Each structure stands twice: as C-alpha cells, then as structure tokens.
Amino acid sequence: MDRVQVTGLLVLDDGSTRFPNLRDPGNAAATYIRCAALMARSALAAGYHPTIVTNRADILERDFAELGVPPGVTFTQRQFVSRLDPGALHRAAHHKLDVIRDLAARPADAIALIVDLDAVFLRALGDRDLPAPGAIGAYDISEAMTAESGNRAAADIHAIAPEPIASPRWYGGELIVARSSEFRTLTTLLDMVEPRYWRRHADLYHSGDEAPVSTALNLHVARGGAICELGARGTVVRWWTAKRPFPQPRLSTLTDRAVLHLPADKEFLATQAHLPFAPDIFLARYHAHARTKLALRQVEMVLRHRALGQPRAFVARL
C-alpha cells in the first residue's frame, strides 16, 4: 500500500464555456485528459498508484489505455453538480472541495495528496516534504497573488472569513497534503467558509477552490493549527512561461522539486501524454519548449512597452 495516496480531479464539464490558460478551448476535454495521463505517468514513475476522481471513468479508462499509460491508475466515478453559471472561471475546479470532503471521510489515517493535472512528479515526496501529524501541507503563494491582484486576493479572504484574519495568506490549489484527520479539520472549517463564498462569489477577485481553501487554512492557523509550507520546503513550485507581474526563479534551480506545476503549458503537457516518463528526459523536452516560448514573450513584452506604453512585466528565465 502506498504511504501517500495521490489523487487528481478531472471533471469533464460540458457546461463550462471558459477555460483559463488554454489556447484552444474547443479542445479542452482532450487536453485535460492527456494532462491527467501525463500526471499519472509521472506519479507511477515516482512509485505512486494514483487515483483520478472523475465523472466519466469510462472515457478516461479508454483514453488512458489508448495512450499506453501503464497499469496502476485507479478511476473513481463520482457525480458532480455545479451551482455556477457556464461562464464562471474555474467552474470544475470548485469540485476539489468535494474531493477534500471525500478524503476527510476515509476511515484510515493514511496521508493523502491532491495534485492538479497540469503538474508532474519529478520525484517522490520524502519525509521532509510530508506534514507532521496535526499539520496540513499547503503551498503559500501570497506574494505572487498580491502582485497579481493588487491586494484583492487578501480582500477575498477578509470577505468570506467568518471572523477577522489578521494577516491572511493565500495557498495554491495545485498541492495539498494531509492525513484524513486533518482533512476532517479542514472540512469543518470549509463548512464555515463556503456559504459565505457562494453568497459573495460574483463580487470576489478569485473564482475557484483556492479562495475558500485559503480562508479555511487561515482559520486553521488562527486556531493554533500548523501549516507545512510546501514551497519553502522545496516540495512544489508553480512556474509560468506566461508573463507575470512578479519575478520567478530560473527553471534550472527548481528541478529538485517533487512536483512541478506548469499552468501555462497544458498543451505542451498534452503532447507528452503518450510517452514514457523519465524526469530528466521530460525536463529536457520542456526546456526546449520553454526556450522558444519565453523568447517570443520577451519580444512581445518589449514591443508592447514601446508601442503602447504598457508597463514591463516579468518573463521567466531558464
């Protein structure tokens, strides 16, 4: 039995009309399926037996077989009902809240990990990466969110928290790690936050699972709970080939991370889904892809700055 149960979520949502970070929204389902296949390949290569929670296990089983994904992936069929309009951003990602509740309901106290599908495992999580009993492993991206939102992200937390939060922190949704007992704690706090989130959703900066989960994690800390900060421990990194309003570390300094999250490169990840996964080979292919993309971004940024007077953003470096 795996020491850590890896879980991903894939909702094939025919109702959604907006798909962030995709160049071809019309091909969204196929792209997401192939990203899931690559994530699963990388998890298998790291020694895990991942579970994909989905509303269409039949389609995933068929497509994973056609892509040649090795045995060891479990597909868990689940129904999802969205309360959001088709045009809501990250509509399907909200169902990560359902998965958190499912993990909280497990009788065993094994460690569970929720990971986004546009991420890959470069290695298994070691003892240093895993939260101690009573702690929740989460990825603090507060500085990036402040740069992106102009403090509106923090305002979201203040708006949906049931009590004052002195210094709110924002946690990325690409990786959460905890024992089922801590997922139960998180669920209890989400029960306090979610009704306020749904009532105020239309007025918030962020649409997705991160706002309610970040607020619940802030409440966890306010009650004396511990966060195992996965970014500081070198467990996970979110890295963008898109222009950002904040600087990023060079990709070459990040290859020791367990999980590499690449939200702007879903189409590239999809092209790798049928290939055997080895971290070094994957990183070499990704390096070649990113080099071309970043060079174009740099030229585009300079031209926009000169022609339109737009402020310079940051383009990542390899």
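The values are calculated or read from the model by the stated rules, or taken from the named source; none is laboratory data. On a predicted model such as this, the values are computed, not experimentally measured, just so you know. Using ideal geometry, Cβ is built from the backbone for each residue, glycine included, and neighbour counts are taken over all protein chains shown. To get the accessible areas, we keep the full protein, side chains included, count just its heavy atoms, and leave off ligands, DNA and RNA. Shrake-Rupley method; radii C 1.70, N 1.55, O 1.52, S 1.80 Å.
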Does Ser167 count as out of contact with any helix residue (DSSP H, G or I) (no Cβ under 8 Å at 6 or more places or on another chain), open to solvent by less than 60 Å² (accessible area, probe 1.4 Å) and not basic (Lys, Arg)?
no
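Table: residues versus (1) without any contact (Cβ under 8 Å) to a residue 12 or more places away in the chain; (2) touching an Asp or Glu at 6+ places or on another chain (Cβ under 6 Å); (3) not in a loop (DSSP other than H, G, I, E, B).
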position: Gly8; (1), (2), (3): no, no, yes
position: Asn27; (1), (2), (3): yes, no, yes
position: Tyr32; (1), (2), (3): no, no, yes
position: Tyr48; (1), (2), (3): no, yes, no
position: Glu61; (1), (2), (3): no, no, yes
position: Pro70; (1), (2), (3): no, no, no
Selection from the range 94-126 of residues acidic (Asp, Glu) and at pLDDT 95 or above yields Asp98, Asp102, Asp116, Asp118
Exactly one of Asp98, Asp116 is without any contact (Cβ under 8 Å) to a residue 60 or more places away in the chain, open to solvent by 10 Å² or more (accessible area, probe 1.4 Å) and either within 27 Å of Ala154 (Cβ to Cβ) or among the basic types (Lys, Arg) (or both), and that one is Asp98
Which of (1) under 20 Å from Phe19 (Cα atoms); (2) under 19 Å from the mean Cα position of the chain (by Cα); (3) surrounded by 22 or more Cβ atoms within 10 Å (Cβ to Cβ) is the odd one out, the single condition Leu60 does not satisfy?
(2)
From Ala132, Ala144, Ala138, grab the single residue that is farther than 21 Å from Arg244 by Cα, touching a Phe, Trp or Tyr at 6+ places or on another chain (Cβ under 7 Å), touching a residue at least 40 places away in the same chain (Cβ under 8 Å) and of a type in the set (A, V, I, L, M).
Ala138
When the range 29-57 is examined, which residues are found to be of a type in the set (A, V, I, L, M) and open to solvent by less than 20 Å² (accessible area, probe 1.4 Å)?
Ile33, Ala36, Ala37, Leu38, Met39, Ala40, Ala43, Ile52, Val53, Ala57
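Conditions (1) touching a strand residue (DSSP E or B) at 6+ places or on another chain (Cβ under 8 Å); (2) within 14 Å of Val11 (Cβ to Cβ), marked per residue:
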{"position": "Pro50", "(1), (2)": "yes, no"}
{"position": "Ile59", "(1), (2)": "no, yes"}
{"position": "Leu67", "(1), (2)": "no, no"}
{"position": "Thr74", "(1), (2)": "yes, no"}
{"position": "Gln79", "(1), (2)": "no, yes"}
{"position": "Ala105", "(1), (2)": "no, no"}
{"position": "Asp116", "(1), (2)": "yes, yes"}
{"position": "Asp129", "(1), (2)": "yes, no"}
{"position": "Gly137", "(1), (2)": "yes, no"}
Within the range 284-303, identify whether any single residue is open to solvent by 70 Å² or more (accessible area, probe 1.4 Å) and outside any helix (DSSP H, G or I), and answer yes or no.
no
Of the residues in the range 245-270 that are in contact (Cβ under 8 Å) with a residue 40 or more places away in the chain and assigned to a helix (DSSP H, G or I), the one that is surrounded by the most Cβ atoms within 10 Å (Cβ to Cβ) is Leu269
So how many residues does the range 191-244 have that are in contact with a helix residue (DSSP H, G or I) (Cβ under 8 Å, 6 or more places away or on another chain), closer than 23 Å to His94 by Cβ and outside any loop (DSSP other than H, G, I, E, B)?
19
